[in-house]
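Novice: My questions all concern the structure below.
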Amino acid sequence: MSFKKVTLKGEVPSGRSQFGMCSAGGVTYIFGGQRGNEAYNDMYSISHTDWTCTKIQPKGTIPSSRWKCTLTAVDDKLYLFGGETVGAIKTNELHVFDIRVGQMARSGHTCTLIKNELVIYGNDGDSNENPLNALSILSLENMEWRQPSQGGSVPEVRSGHSAITFNGKLIMYGGYGHNTRTALDEVWVYDLGAARWIEIPKRGPRPEPRSGSQAWVSTKYFCVWGGIGPGRQHDWTDLHYADITSSPLTWQKKKPMGVVSPPERYSHGVSIVDDQTVLIFGGQKDAKTFFEDAFTLSTSNVY
């Protein structure tokens, strides 16, 4: 496992956290985020070829400033969902950005893609008294929402979790528990076909409880990096990974090689560059320290 510092050039996004980030067609896209008392509604692209950043000026209706939003790429469209706007107002707006023509339109918290559907689970809710553990699915064919049943033992209500999809299943890790008021280290799987949750048994050096981490899939491995834990500890630069085709889930831990390693952080962004490389951008260390740096993480020699 090795990190490489990326020198971004052009119109580089300012330091921020809790933004939407995804990749499509050899480009990473970023929308929104926050930095202390500032919130953003700007949009950037980062070329994977030469790391040139470009500030995008979308045509059409531009979403208001927001953070805790999700950005998901499907073919030549980006789907921006939800988030929190100025005044701590939660929103369930869905905006669609057409990459081909640069057009943004309004149609109509992790957000992940399964086949031709967007799957959205949980967030802070409209207040501390009304957090959400609702599971909502948007069909991209007819743009209609549905809420499937949730059988089995349902996960604790949470926010700040990580989620990925694999073989038609939603896989969720960690987050901040609304009931326990602490960071979590559970791994849950929701099977859309069976409409039920299962908590996955785990062993090995599993990640410490955390929220604000990022997760992704590399081949058949579920990877977790970064985050913040109980007591606001977040000194994690190790990569945790597990073969998600095995049961129980056996975690392994890998320390970065070389002299370059990102400072510890949470609420950063991760996007896929290729099958064994991700781009890490931004995030924060504490309430005053925000990052505008970028690193690639190669897992080619990990598994």
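Each value in this text was obtained by applying a stated rule to the coordinates, not by laboratory testing. Bear in mind that the values here come from a model prediction, so they are computed numbers and not experimental data. Note that we place each Cβ from the backbone using ideal geometry, even for glycine, and neighbour counts take in every protein chain shown.
Novice: Mind ordering 133-144, 74-85 by average Cβ neighbours within 10 Å, highest first?
Specialist: Order by mean packing, descending: 74-85, 133-144.
Novice: Moving to a separate point now. Can you sort Val12, Val187, Val273 from fewest to most other Cβ atoms within 10 Å of each residue's own Cβ?
Specialist: Starting with the residue having the fewest Cβ neighbours, the order is Val273, Val12, Val187.
Novice: If you average 1/r over all unlike Cα pairs in the chain and invert the result, what Kirkwood radius do you get in angstrom?
Specialist: Here the Kirkwood hydrodynamic radius works out to 19.3 Å.
Novice: Would you list, by chain and number, the lysines whose Cα falls below 27 Å from the Cα of Lys253, excluding same-chain residues fewer than 8 positions away?
Specialist: Lys4, Lys5, Lys169, Lys202, Lys220, Lys285
Novice: A follow-up question, please. Dipole magnitude of the chain about its Cα centre, charges +1 at Lys/Arg Cβ and -1 at Asp/Glu Cβ only, in debye to the nearest 20?
Specialist: My answer is approximately 440 debye.
Novice: Return P(r) of region 143-205 (all Cα-Cα pairs; 5 Å bins starting at 0; whole %; ordered from short to long distances).
Specialist: 4, 16, 24, 26, 19, 8, 2, 1, 0
Novice: Would you mind computing, in nm to one decimal, how far apart the modelled labels at Ser149 and Thr7 are, each placed 7 Å from Cα along Cα→Cβ?
Specialist: Modelled inter-label distance: 5.9 nm.
Novice: Oh, and also: Is the C-alpha gyration tensor of region 8-87 telling us rounded, prolate or oblate? Criteria: a/c under 1.5 is rounded; beyond that, a/b larger than b/c is prolate, otherwise oblate.
Specialist: The shape class here is oblate.
Novice: Taking every eigenvalue of the Cα gyration tensor of region 160-275, multiplying by 5 and rooting it, what semi-axes result, largest first, whole Å?
Specialist: Largest first, region 160-275 gives 22, 18, 13 Å.
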